[in-house]
Structures are given as C-alpha cells and as structure tokens.
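See below for the structure under consideration.
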Amino acid sequence: MVYTSTRDTKQKISSSEAIQLGISQDGGLYSPETFPKLSLDEIKSLSDLDYSGIAKKILSVYLTDFTEKELDLCVRNAYADDKFDTENKVSLSRVNQHTYFLELWHGPTCAFKDMALQLLPQLMKVSMDKIPAKDKREKIILVATSGDTGKAALEGFKDVDGMRMMVFYPEEGVSHMQKLQMITQEGNNIEVAAIKGNFDDAQTAVKILFRDEELREKLENSGKSFSSANSINWGRLAPQIVYYFAAYSEMLRDEEIELGEEINVTVPTGNFGDILAAYYAKKMGLPINKLVCASNENNVLTDFISTGIYSKNREFHQTISPSMDILISSNVERLLFELYQHDSEKISELMDQLKEHWVYQIEEQVLETLKKEFVGGFCGDVKTKETIKEIFDEYGYLCDPHTAVAASVYSEYQKESGDNHKTIIVSTANPYKFAGSVLEALGEDVPNDEFEAMKKLQKKSLVTIPEQLANLKEKPVRFSKSIDKNTIKDYIETII
Ligand SMILES: *Cc1c(COP(=O)(O)O)cnc(C)c1O
C-alpha cells in the first residue's frame with residue numbers, strides 16, 4: 001500500500017514512513033492511495049474472530065510493510081486483556097429495537113482515544129526499524145491536549161523504549177479529573193506540564209516548537225527528533241477503522257442484522273478522526289448507509305455539511321463536551337481529498353484559503369456527493385443534559401456528555417427523516433470522567449469534591465466506578481510544574 005500527501009500526490013511513501021513522519025512537510029496529511037475492499041464473505045468471516053483478530057485482518061491490508069508476526073505482536077501488546085475491562089475490548093449496548101451504543105472506553109484511561117493510542121506506540125516501534133538508518137532517532141513526542149488525548153497518550157507511551165513524551169495541558173482548560181489523571185501518571189520517559197492559558201495557547205506553543213529550526217538542529221545533533229501522537233498521524237487513524245468492522249460482525253453474530261444489511265453510524269465529532277475512520281470502513285465495503293456527524297455548540301461541521309462553506313470565523317464556545325470544542329477539524333482535509341478524487345492541488349488551494357481567509361467553499365456538485373454520505377447536526381449544552389436524563393430515565397442507560405450529543409443529533413435526524421436503519425451511536429467516554437455534568441443533568445446537586453460526585457453518581461445510577469478513576473485519589477502527584485508559554489522552549493532544552 002502506497003501513501004501520499006493530500007497536498008502533493010507526487011509524494012509516495014510506505015506505511016512505516018507515514019507513521020514515522022506523522023505529517024508531510026508540505027502540511028498535508030498522509031492518506032492511502034487506494035482503499036482495499038472486503039467482500040461480504042470476508043466481512044462475515046470476521047464474526048469468527050476476536051477483537052485482536054479483526055484488528056490484524058484490517059491493519060494487514062493497510063500496513064503492508066509489516067509482517068504478520070510484527071502485526072500480531074503489536075496488536076497483542078495493545079489489546080492485552082489486562083488493559084481492558086471487557087473481554088471484547090469494545091462493547092455494544094442495545095437500548096431499543098434499532099439503537100446501539102458502541103462503547104469505546106473500556107481501555108486504561110476510560111476514553112475512546114485508548115483504542116488507537118494503545119496501538120500507536122507499538123506501530124511506531126516496529127516502523128522505526130523499517131526506515132533508512134539515517135532517519136532513525138530517539139523520538140520525542142510532543143502533545144498538546146484539551147484533556148483525553150494527553151492521558152491516553154501517556155498511558156500508551158509510558159516506558160516504551162526509544163521514545164519520550166511531553167504533554168502540555170492548559171492550566172484553565174481541563175476538568176479536575178482529567179488533570180488528576182495526567183499529573184499522577186507513572187512511567188520513566190514522560191513529562192507533564194501545565195501551560196498558563198487556554199488550549200489554543202498550549203497548542204500554539206507546541207506547534208512553534210515543531211517549527212523551531214534551532215531546536216531541530218540541536219535535536220538532530222544529539223540523535224533525536226520530534227514526533228506527534230494526534231490524529232493527523234496515520235498510525236492513529238488506521239486502528240480506528242477496526243472497531244466499525246468489529247461492531248458490525250458482533251451484530252451479525254448476534255443475528256441483529258443480516259449479512260449485507262446497511263446500518264447508520266453516528267459519531268460525536270471534534271477533529272473528524274473517528275467519523276473519517278467510519279467513512280473509510282464504508283469505502284472498504286462495510287455496509288453503512290448514513291454517517292451522522294454530531295457536533296456541540298461549535299457547529300462548524302454542521303454548517304459545512306449543509307452549505308458547503310467551512311468557516312472558522314465564529315465564536316469559540318466552551319461546552320460540557322470539551323473534547324469536541326474545536327473549530328479546525330484537521331481530518332476534514334482527508335475527506336476533501338476523497339471527495340475531490342485525490343486532486344492535491346485543489347486541496348492545497350482550499351487549505352490555503354482556510355489559513356488566510358478562515359473560510360473556503362466547495363462546489364455544488366462536491367457538496368451533493370458529501371450529502372449522499374453524511375448528515376450533520378448539533379446540540380447545545382441544555383439539550384445535551386436533557387438527553388442524558390431522557391436516556392437514563394427511559395432505558396436506564398448512563399452516557400457521558402459527548403455521547404449524549406450524538407444521541408440527541410441522531411434522534412432529531414431519525415424523527416425528521418423516518419430513516420429506520422439500525423444505528424450505532426459511538427460512545428466515546430465513560431460517564432464518570434464527567435461525573436459533575438452527568439449528575440447535574442440528572443437533576444442532582446453536584447458535590448465540590450470530584451470523588452464525592454462519582455460516589456453520588458454511582459448511588460443514583462448503580463453503574464460501577466472504574467477502578468482507575470477511583471484510585472486516582474490515592475496516587476501521589478508527580479508533575480506540578482506550570483510554565484509560561486514563552487518559556488516552553490527553555491523548559492524543553494533543560495530536559496533533552
Ligand atoms: C476526541 C474525542 C471526541 C472527538 O473525536 P474526533 O476523532 O476528534 O472527532 C469525542 N468524544 C471524546 C470523549 C473524545 O475524547
């Protein structure tokens with residue numbers, strides 16, 4: 001399989017190179033040149049496999065320069081039984097005749113990011129041995145996080161040989177639980193620091209480091225290089241295709257659907273990675289009808305899907321679904337690359353417009369194609385809370401605010417369209433990661449102490465508190481540094 005840049009199709013590289021490089025020098029994102037197809041018979045045969053087996057099968061068609069043995073090792077390390085609290089690794093919960101929640105948060109940090117970030121370090125390790133010797137360097141992985149990515153990345157990369165990780169989170173932008181998860185992190189190759197400011201300040205500070213020539217030279221001279229662990233990296237996206245196949249085969253196995261029956265997929269969306277993976281699964285032959293893209297108050301994607309105009313020229317809202325508070329959805333670029341049939345000049349043009357004028361518009365005809373596949377919708381905080389309560393009262397099912405956004409958007413779409421396909425709603429975080437908001441949604445007073453809030457929610461819902469969240473109370477704080485964004489470079493230099 002050959003990979004190419006969305007901004008320059010003359011570039012052709014292997015999957016190992018794509019994983020090692022993360023992002024192309026021209027600013028483009030690495031994408032596969034073609035999408036391998038699975039026949040219905042092949043999809044049916046996935047039903048006989050466990051999660052790791054399905055992962056190996058799907059990854060093997062993309063990571064063609066990995067041997068079977070290497071993939072086997074990567075997958076076994078990533079999806080080890082003791083890291084997940086459910087045997088299937090993901091869990092499908094049916095709440096009524098046509099609605100299923102696909103829970104992707106049974107991994108070590110209780111967020112869906114684990115599904116990819118457990119595997120990415122394994123893929124990085126193996127791919128390092130496949131690139132030219134002169135490019136082999138100790139990796140320093142920089143992460144700016146608004147919460148979930150930081151913890152999941154730390155957990156995935158801790159104590160991995162040949163790699164160090166530095167996570168920067170905004171002092172004012174993460175929940176108490178998310179902060180606790182990060183500052184108590186164990187591992188000998190990691191650093192965590194708060195940046196004074198909001199997420200944009202942290203993200204901008206990290207982006208500047210990536211482009212700092214002086215720093216790059218220093219690193220190279222000492223045999224090191226920077227890398228990234230966010231969803232622009234192909235090694236993080238590929239593992240996300242797997243769970244859509246896993247969910248479909250589970251529905252087949254349980255005779256919930258017939259082979260070939262189309263389902264809808266609804267995804268709470270931020271950076272467009274998770275829903276893009278579903279789109280890729282569809283291109284590979286997975287029977288999917290509509291892809292429903294759910295946003296919160298930051299509804300840039302809803303507008304894009306309805307008008308064809310992508311405009312980040314709007315107010316940024318802080319919501320109770322913070323992992324979706326984003327105005328530049330990086331992976332939309334990969335979608336455009338498909339919609340424009342790999343016309344990389346056109347993609348460069350659109351991305352330049354976004355950078356310079358904060359807006360671009362796609363042609364009517366392209367918009368029509370987009371609308372055939374995608375439905376967009378959004379929901380604000382009030383409606384999100386109402387949805388948490390409705391789903392709990394009606395089905396006894398507890399969901400977090402991100403998942404509730406998706407459930408609300410789907411329910412509106414279903415009412416309007418009368419579309420009765422069976423539907424997977426992707427559930428992206430354990431509700432206890434957002435215990436305060438969930439309690440409030442259920443009409444309860446919220447205790448100041450996060451652990452008291454969790455206990456109260458447990459009493460009310462009878463849902464078990466994940467051990468790894470409850471245990472945080474006893475864990476010593478290892479990282480308490482808070483740095484100014486202007487001194488982040490000095491900080492890095494003292495460490496490396
Ligand atoms: C990251 C995240 C999302 C958004 O996923 P994207 O791939 O960025 O679209 C949704 N919900 C939660 C809980 C997340 O952590």
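The values are calculated or read from the model by the stated rules, or taken from the named source; none is laboratory data. None of the values given here were measured: they were computed from a predicted structure. Positions of Cβ are backbone-derived with ideal geometry, glycine not excepted, and every protein chain shown enters the neighbour counts.
A compact table of results
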quantity: Residues satisfying the stated conditions in segment 319-377, i.e. β-branched (Val, Ile, Thr) and over 30 Å from Phe434 (Cβ atoms); calculated: Ile347, Val359, Ile362, Val366, Thr369
quantity: Those residues of segment 265-276 which are within 8 Å of the ligand (Cβ to nearest atom) and either surrounded by fewer than 24 Cβ atoms within 10 Å (Cβ to Cβ) or modelled with pLDDT of 95 or more (or both), in sequence order; calculated: Val267, Pro268, Thr269, Asn271, Phe272, Gly273, Asp274, Ile275, Leu276
quantity: Matching residues in segment 201-238 - criterion: being within 16 Å of the ligand (Cβ to nearest atom) and charged (D, E, K, R); calculated: Arg236
quantity: Subset tally (residues that are among the aromatic types (Phe, Trp, Tyr) and touching a Phe, Trp or Tyr at 6+ places or on another chain (Cβ under 8 Å)) for segment 76-109; calculated: 3
quantity: Conditions (1) buried (at least 24 other Cβ atoms within 10 Å of the Cβ); (2) under 24 Å from Leu327 (Cβ atoms); (3) away from the ligand (no atom under 12 Å from the Cβ); (4) modelled with pLDDT of 95 or more; number of the one not met by Asn299; calculated: (1)
quantity: One residue from Gln341, Gln365, Gln318 being away from the ligand (no atom under 16 Å from the Cβ) and either assigned to a helix (DSSP H, G or I) or at pLDDT below 95 (or both); calculated: Gln365
quantity: Failed condition for Val409, given (1) surrounded by fewer than 20 Cβ atoms within 10 Å (Cβ to Cβ); (2) in contact with a Phe, Trp or Tyr (Cβ under 7 Å, 6 or more places away or on another chain); (3) among the hydrophobic types (A, V, I, L, M, F, W, C); (4) over 30 Å from Asn188 (Cβ atoms); calculated: (1)
quantity: Positions within segment 397-416 being away from the ligand (no atom under 16 Å from the Cβ), part of a helix (DSSP H, G or I) and in contact (Cβ under 8 Å) with a residue 24 or more places away in the chain, in sequence order; calculated: Ser411, Glu412, Tyr413
quantity: Candidate set: segment 59-86, residues that are of a type in the set (A, V, I, L, M, F, W, C) and in a loop (DSSP other than H, G, I, E, B); chosen: the one nearest to the ligand (Cβ to nearest atom); calculated: Phe84
quantity: Unique residue being β-branched (Val, Ile, Thr), more than 17 Å from the chain's Cα centre (by Cα) and within 30 Å of Glu394 (Cβ to Cβ) when the list is Thr64, Thr109, Thr99; calculated: Thr99
quantity: From the options Leu286, Leu252, Leu335, Leu259, residue that is over 14 Å from the mean Cα position of the chain (by Cα), within 12 Å of the ligand (Cβ to nearest atom), modelled with pLDDT of 95 or more and aliphatic (A, V, I, L, M); calculated: Leu335
quantity: Hits in segment 1-16 (condition: over 21 Å from the mean Cα position of the chain (by Cα) and either outside any loop (DSSP other than H, G, I, E, B) or in contact (Cβ under 8 Å) with a residue 60 or more places away in the chain (or both)); calculated: Met1, Thr4, Arg7, Asp8, Thr9, Lys10, Gln11, Lys12, Ile13, Ser14
quantity: Given (1) out of contact with any Leu (no Cβ under 9 Å at 6 or more places or on another chain); (2) under 26 Å from Tyr243 (Cβ atoms); (3) in a helix (DSSP H, G or I), index of the condition Ile391 fails; calculated: (1)
quantity: Residue check, Gly197 in a loop (DSSP other than H, G, I, E, B), at pLDDT 85 or above and of a type in the set (Gly, Ala, Ser); calculated: no
quantity: Matching residues, segment 33-49, being without any contact (Cβ under 8 Å) to a residue 40 or more places away in the chain, outside any helix (DSSP H, G or I) and touching a helix residue (DSSP H, G or I) at 6+ places or on another chain (Cβ under 9 Å); calculated: Asp48
quantity: Positions within segment 90-129 being within 13 Å of the ligand (Cβ to nearest atom) and among the basic types (Lys, Arg), in sequence order; calculated: Lys113
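For every residue, the table says whether it meets (1) assigned to a loop (DSSP other than H, G, I, E, B); (2) within 23 Å of Ser52 (Cα to Cα).
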residue	(1), (2)
Val242	no, yes
Ile257	yes, yes
Glu261	yes, no
Thr266	no, no
Ala294	no, no
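Residue by residue, here is whether (1) within 16 Å of the ligand (Cβ to nearest atom); (2) more than 28 Å from Asp419 (Cβ to Cβ) holds:
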site	(1), (2)
Thr307	no, no
Asp325	yes, yes
Lys346	no, yes
Lys355	no, yes
